[in-house]
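> Could you have a look at this structure, given as structure tokens, before my questions?
The values are calculated or read from the model by the stated rules, or taken from the named source; none is laboratory data. Everything numeric here is computed off the predicted structure, so don't read it as measured data. Cβ sites come from the backbone with ideal geometry, for glycine too, and all protein chains shown count toward neighbours.
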Amino acid sequence: MKKEKIFLLVILILAFFLRFYRLNKVPPSLSWDETAIGYNAYSIWKTGKDEFGFRLPFAFKSFGDYKSPLLVYLTVPFVGIFGLNEWAVRFPSALISFFTAIVVYLLVKELFKNNKISLITGFLMAISPWHLQFSRPAFEPNLAFFWVTTGVLMFLKGLKKPMFFILSSLSFMLAMYSYHSPKLFLPFFLVGLGIIYWHKIFKKENIRYLSLSFFLALLLSLPLLKIHLGGEAGARFTSTGIFYTKEGGKKPFDFKLIGEIGKSYLVHFSPQFLFFGNNDNFRNKMKSNGLFYFIEAPFLLIGFWFLLKQKKEKWAKLLLTWIFLAPIPAIITIEAPHSLRASNLLIPLMIVISLGIKRLFNFFESKRYKKVFYVLFFLFYITNIGYYLYSYYVRLPVYAAPDWQYGYKEMVQYVETKENEVEKIIITLEYGQPHIFIQFYQKLKPLEIWQEKLGKYQFREINWQKDKNLSKVLLVATPKEVPLESIPPRAKIEKEIYFPDGSVSFRIIKL
């Protein structure tokens, strides 16, 4: 027992360190979503209203994506106390992810009553590339992931002490207030839990607690229903759903669409998605590292083999149901596979990997062979972990900087010093959502935003052939939009903002 406590303490220290080390520097800058969450939290702290003047909304309009509210509200006190900065915006997400590692350990212990499996899973969670990737930034899926995991833990405890069903219901509802994906995943998952544990749930002595749980869920679902019926969520789904064209029209439900959905589902279980890198979007994945360590691939296969052998056990049915349903929110949207929308895959697959490791440990009966296996196991794991940590903390801030909107902070701070020298400041839309970075880094008063008083600022596409003839203007563009050789003598390059790799991010020109 003493050894287990020491191992658990080491796991928690490791989990805490990896989530808070250089939190304001890695990822290299705040993304537009993080900036929007931070500014809306700042606006709520100052006025009780969001950036558009709506009082304590249940959905934040933001960029028209109608963000779920819970992460914004959790960020409010941190922004209020520590100020509007990178650390304050990311701290709640990192803290929640640390607590998630604890909940995962408790969940596995409750499921298997086996300290070794729970410690293995806790360790894998602490060092998980998938979890670190979306837990350090202020990403909504991280918070939803915590509540889903907590909900499952409370549900399992409720099978013995029915009062925990109320906490389970609350956790699942909070997950729906944290991110959009649980609204699609949880209804199916809860039906699955009901079928698997039917005889343990619907006992006479549980009725009172089940009724309270149902009433609580119904009460908390009313604001969500209002949002969906009001069209806010529909606008989001139309822009990201696989059932709609780019123009917003509905696609015919035919074999082609069914094929797209099937392909999107299966790709979430592909080796490319799980174990190799991705060059599409470095906010969600890394260039040369997968969502799991490469060494975990054989353990995943062994774990699945054991899981299928035990498929009649309730814990096995739970894991299989979880795995089967987890990709649903990702497969009916564009950009599949999507590591954030499919994040509910992480826990069951990690448990399966832990089972594979445990089974392989048990395979060796000879102490000599066991020691050899332990040495090789830790050697390969340390190599994998070391390479990943170097890639994440050292390489990613360089090559992924454009995907993280790097350069906005420096640009905004410089442009602010030049406001009195020009009549107009035009900022390119090339990198997306420049207005929120102005609001965030200049700490503009929310009232000024509601009254649309962004002063001299304009946000639009740069047409250099026309714009180079303007006067008394500060123009912020990309090198692609304004090549060096095309700048006339009357124009002056005030400053260039650079990415960490030395290439130009923004070119600031005074006309």
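> Let me spell it out: the conditions are (1) out of contact with any Phe, Trp or Tyr (no Cβ under 6 Å at 6 or more places or on another chain); (2) within 24 Å of ASN281 (Cβ to Cβ), and TYR42 meets all of them except one. Which number is the exception?
(2)
> Between LYS226, LYS200, LYS183, LYS161, which is outside any helix (DSSP H, G or I) and on the phi < 0 side of the Ramachandran plot? First the steps, then the outcome.
On the way: LYS226 fails: outside any helix (DSSP H, G or I); LYS200 fails: outside any helix (DSSP H, G or I); LYS183 fails: outside any helix (DSSP H, G or I).
Of LYS226, LYS200, LYS183, LYS161, the one residue that is outside any helix (DSSP H, G or I) and on the phi < 0 side of the Ramachandran plot is LYS161.
> Residues that are in the same structural domain as PHE60 (by TED's automatic domain parsing) and over 23 Å from ALA41 (Cα atoms): does the stretch 141-148 have at least one?
Let us first name the residues in the stretch 141-148 that are in the same structural domain as PHE60 (by TED's automatic domain parsing), namely 141-148.
Narrowing the set further to residues that are over 23 Å from ALA41 (Cα atoms) leaves 148.
Scanning the stretch 141-148 turns up at least one residue that is in the same structural domain as PHE60 (by TED's automatic domain parsing) and over 23 Å from ALA41 (Cα atoms).
> With the checklist (1) in a helix (DSSP H, G or I); (2) modelled with pLDDT of 95 or more; (3) farther than 29 Å from LYS2 by Cβ in hand, flag the one item LEU153 doesn't pass.
Failing condition for LEU153: (3).
> For residues in the stretch 341-381 being under 27 Å from TRP147 (Cα atoms) and of a type in the set (Gly, Ala, Ser), which is surrounded by the fewest Cβ atoms within 10 Å (Cβ to Cβ)?
Taking the candidates together, the pick is GLY356.
> To continue, here is another question. Among the residues that make up the stretch 248-265, is at least one of them at pLDDT 90 or above and of a type outside the set (Lys, Arg)?
Yes, that holds for at least one residue.
> Another question about this same structure. Given the criteria outside the structural domain of LEU307 (by TED's automatic domain parsing) and more than 19 Å from TYR177 (Cα to Cα), does TYR105 qualify?
Details: outside the structural domain of LEU307 (by TED's automatic domain parsing): no; more than 19 Å from TYR177 (Cα to Cα): yes.
Spelling it out, it is not the case that TYR105 is outside the structural domain of LEU307 (by TED's automatic domain parsing) and more than 19 Å from TYR177 (Cα to Cα).
> Can you tell me which residue among LEU470, LEU475 is of a type in the set (A, V, I, L, M, F, W, C), surrounded by 11 or more Cβ atoms within 10 Å (Cβ to Cβ) and more than 23 Å from GLN405 (Cβ to Cβ)?
Details: LEU475 fails: more than 23 Å from GLN405 (Cβ to Cβ).
Going through LEU470, LEU475 in turn, the sole match is LEU470.
> Output the qualifying pairs, or none if there are none: Cβ atoms under 9 angstrom, residues six or more apart or on different chains, first residue in the stretch 326-340 and acidic (Asp, Glu), second residue buried (at least 24 other Cβ atoms within 10 Å of the Cβ).
GLU335/ARG341
> In addition: Looking at the stretch 348-372, I want the residues that are closer than 20 Å to PHE292 by Cα and have a partner that is assigned to a helix (DSSP H, G or I) and small (Gly, Ala, Ser) with Cβ atoms under 6 Å, at least 6 apart or on another chain. Which pairs are those?
So the pair list comes out as VAL352/GLY303; ILE353/GLY303; LEU355/GLY303; GLY356/GLY303.
> I'd like to check something: does the stretch 193-208 contain any residue that is crowded, with 19+ Cβ neighbours inside 10 Å, of a type in the set (Phe, Trp, Tyr) and either touching a residue at least 40 places away in the same chain (Cβ under 8 Å) or in the same structural domain as ASN142 (by TED's automatic domain parsing) (or both)? Outline the logic, then answer.
Of the residues in the stretch 193-208, the ones crowded, with 19+ Cβ neighbours inside 10 Å are 193.
Imposing the further condition that a residue be of a type in the set (Phe, Trp, Tyr) reduces the set to none.
No.
> Further question: What strands (runs of 3 or more DSSP E), lying completely within the stretch 419-511, carry at least 1 residues that are charged (D, E, K, R)?
Numbers: elements: 424-428, 457-460, 473-477, 492-498, 504-510.
Counting at least 1 such residues, we get 424-428, 457-460, 492-498, 504-510.
> Here's another thing I want to ask about it. In the stretch 398-430, which residue that is of a type outside the set (Val, Ile, Thr) and buried (at least 19 other Cβ atoms within 10 Å of the Cβ) is farthest from GLU34 (Cα to Cα)? Break it down stepwise before answering.
Step one: filter the stretch 398-430 for residues of a type outside the set (Val, Ile, Thr), giving 399-411, 413-414, 416, 418-421, 423-424, 429-430.
Among the residues that remain, those that are also buried (at least 19 other Cβ atoms within 10 Å of the Cβ) are: 400-401, 404-408, 411.
On the way: ALA400: 16, ALA401: 15, TRP404: 10, GLN405: 11, TYR406: 13, GLY407: 15, TYR408: 13, MET411: 18 Å.
Ranking the candidates gives MET411 first.
> Determine, yes or no, whether PHE363 is farther than 25 Å from PHE17 by Cβ, among the hydrophobic types (A, V, I, L, M, F, W, C) and out of contact with any His (no Cβ under 9 Å at 6 or more places or on another chain). Steps first, please.
On the way: farther than 25 Å from PHE17 by Cβ: yes; among the hydrophobic types (A, V, I, L, M, F, W, C): yes; out of contact with any His (no Cβ under 9 Å at 6 or more places or on another chain): yes.
Answer is yes for this residue.
> Turning to a different aspect of this structure: Condition first: aliphatic (A, V, I, L, M) and in contact with a helix residue (DSSP H, G or I) (Cβ under 8 Å, 6 or more places away or on another chain). Now tell me which residues in the stretch 416-437 satisfy that. Give the derivation first.
The first filter runs over the stretch 416-437 and keeps only residues aliphatic (A, V, I, L, M), leaving 422, 425-427, 429, 436.
Those that are aliphatic (A, V, I, L, M) and in contact with a helix residue (DSSP H, G or I) (Cβ under 8 Å, 6 or more places away or on another chain): ILE425, ILE426, ILE427, ILE436.
> Given the criteria within 19 Å of the chain's Cα centre (by Cα), crowded, with 17+ Cβ neighbours inside 10 Å and free of Cβ contacts under 8 Å to residues at least 40 places away in the same chain, does PHE60 qualify? Before you say what the answer is, go through the steps one by one.
Numbers: within 19 Å of the chain's Cα centre (by Cα): yes; crowded, with 17+ Cβ neighbours inside 10 Å: yes; free of Cβ contacts under 8 Å to residues at least 40 places away in the same chain: yes.
Yes; evaluated as a whole, the condition is true for this residue.
> Just to verify a result, which residue in the stretch 52-107, among those that are part of a helix (DSSP H, G or I) and polar (S, T, N, Q), is farthest from LEU12 (Cα to Cα)?
The first filter runs over the stretch 52-107 and keeps only residues part of a helix (DSSP H, G or I), leaving 70-82, 86-107.
Add one more test, that the residue is polar (S, T, N, Q), and what stays is 75, 93, 97, 100.
Values: THR75: 23, SER93: 16, SER97: 11, THR100: 11 Å.
Once the filter is applied, the top-ranked residue is THR75.
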